[in-house]
Structures are given as C-alpha cells and as structure tokens.
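J.: The following block contains the structure, expressed as structure tokens.
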C-alpha cells in the first residue's frame, strides 16, 4: 500500500491519511502512530474493538500492520469528511439533516451499547460521512467494554463530557447519550455546547459537575430539538434514556 501526503484528520492517538492498495487500487484510510507504548496499546485496542464490529454506522476495519517502528490501522475511507468539517464548510445544518445524522449516530451507538461497548468520545469530529452522506462512528481508541469502566476515568473532549465523568463517578453507556445531545447543539448552531453558560473548558468542567438542573438549550433553538437534547442532558445518568429509546423520539 502507498500513503498519500494528505492528512485526513487526527484521532485520539494517531494521524489519519488517505492510502491506496498497491495491488487492487482500492482507496482506504490509514491511522498511524509512532512506536510509543501508550499509542501502540491504544491503537491495538482500537483494532481489537473494530475487528468485532460490523454495522453500517461504524467505520469498517480492514486490517493492521506494524513496520519500521510504526503501527498502522487500515479502515474504510469516508470521503465526506467529519461532521465538524461539514460545519466548517456549510455552517449550521438544517433540522432535516441533523435529524438524519442523529438517527444514524444513535443506531451506531445502540449497536455498540448492545455489545457492551462505550465509545467515550462521541463528538462531531468523530462522526464521519461517506459520499452518500451515511454517518460512521470512528476513533475507538478510548472506547471501553462496560466491564472495564471505572470511576475517576477522565477521557473524552471537555465540551462533550457528561457530569458523572466530571464528578469522577463510575460511567456507563449514558455518557455517549449526553455527547449526542452536545452534537445536536453543535450541528444546529455551529457552536460548541454550553458556550453561553461557560466561557471556557475549565469553568465548564467545574460548573457542570456541580449543577443539579441540566443546562438550557441555546435561545431560538428549534422546539423539537430542544425537547430531544433535554432528554440527553438529564443530569442523573440512571434516568437518561438509552439510544434505542431516543430512536423512538
């Protein structure tokens, strides 16, 4: 295989490039990490997770290779880029598009959760699109089996972290649901979640962990979307709905 010089994105522990199979001509994505124990361990974990997953809304695994002190993970290429890049290009998305992307995100999460896997870093940058606009969840470097989830494990992106993560409580599938609500806010407004309430990540992480009531959606937020994110932002994770239940919203 041959790697292009075009960087497609950066994941939790690696850089993603476009590549071509030297024999078949198939175009795919390759995530590379240098020979660092932590990075290699994370990519091997991501490979082990992806290898067991087969769902239309999860990026497809193609194989791996360790060569010259560098570990490479091969995945399907999503030519539409991430939702973050779509927002950068087109600005806030329509309710119709957001509904479509959110449903696909929830379908992928429902599959993961039924297989006892928590993604732990759901965000617009980790939601990729193929040329047909089909959403694929990616970057499983921080994912965990439910049996591995513990307290005090602060992993993810600050603006998408659920309150129970910030409080150092034991986490579960519900952290991904909170993050879905954050994605909906970002897709409809092109703003990171909670910018009106918390000016920076530090004040957000400190303030959100102490709130008793969930943050309000932004002003002039669509009514249906506001009802949906309020369900995602239920402060008590035990009362937060599952991906399956939200698909019935």
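The values are calculated or read from the model by the stated rules, or taken from the named source; none is laboratory data. Because the structure is a prediction, the values reported are computed rather than measured. When we count neighbours, we look across all protein chains shown, and the Cβ atoms used for this are built from the backbone with ideal geometry, even at glycine.
J.: So which residues in the stretch 84-136 are in a loop (DSSP other than H, G, I, E, B), buried (at least 22 other Cβ atoms within 10 Å of the Cβ) and touching a helix residue (DSSP H, G or I) at 6+ places or on another chain (Cβ under 6 Å), if there are any at all?
T.: Correct list: 119, 122, 123.
J.: Of the residues 198, 221, which single one is buried (at least 19 other Cβ atoms within 10 Å of the Cβ) and assigned by TED's automatic domain parsing to the domain that holds residue 99?
T.: Answer to the selection: 198.
J.: Something else: Limited to the stretch 46-60, what total is found for residues that are in a helix (DSSP H, G or I) and either touching a helix residue (DSSP H, G or I) at 6+ places or on another chain (Cβ under 8 Å) or surrounded by fewer than 18 Cβ atoms within 10 Å (Cβ to Cβ) (or both)?
T.: 2
J.: Go through the stretch 61-80 and give me each residue that's within 29 Å of residue 193 (Cα to Cα) and either at pLDDT 95 or above or surrounded by 15 or more Cβ atoms within 10 Å (Cβ to Cβ) (or both).
T.: Correct list: 77, 78, 80.
J.: Among the helices (runs of 4 or more DSSP H) confined wholly to the stretch 139-249, which include 3 or more residues that are under 28 Å from residue 114 (Cβ atoms)?
T.: Where helices (runs of 4 or more DSSP H) fall fully within the stretch 139-249 and carry at least 3 residues being under 28 Å from residue 114 (Cβ atoms), they are 163-166, 174-189, 223-232, 243-247.
J.: Here is a further query. Quick one: is residue 209 surrounded by 16 or more Cβ atoms within 10 Å (Cβ to Cβ) and modelled with pLDDT under 85?
T.: yes
Here's the yes/no breakdown for (1) in contact with a strand residue (DSSP E or B) (Cβ under 7 Å, 6 or more places away or on another chain); (2) farther than 21 Å from residue 96 by Cβ; (3) free of Cβ contacts under 8 Å to residues at least 60 places away in the same chain; (4) surrounded by fewer than 23 Cβ atoms within 10 Å (Cβ to Cβ):
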position	(1), (2), (3), (4)
144	yes, yes, yes, yes
173	yes, yes, no, yes
217	no, no, yes, no
236	no, yes, yes, yes
243	no, no, no, yes
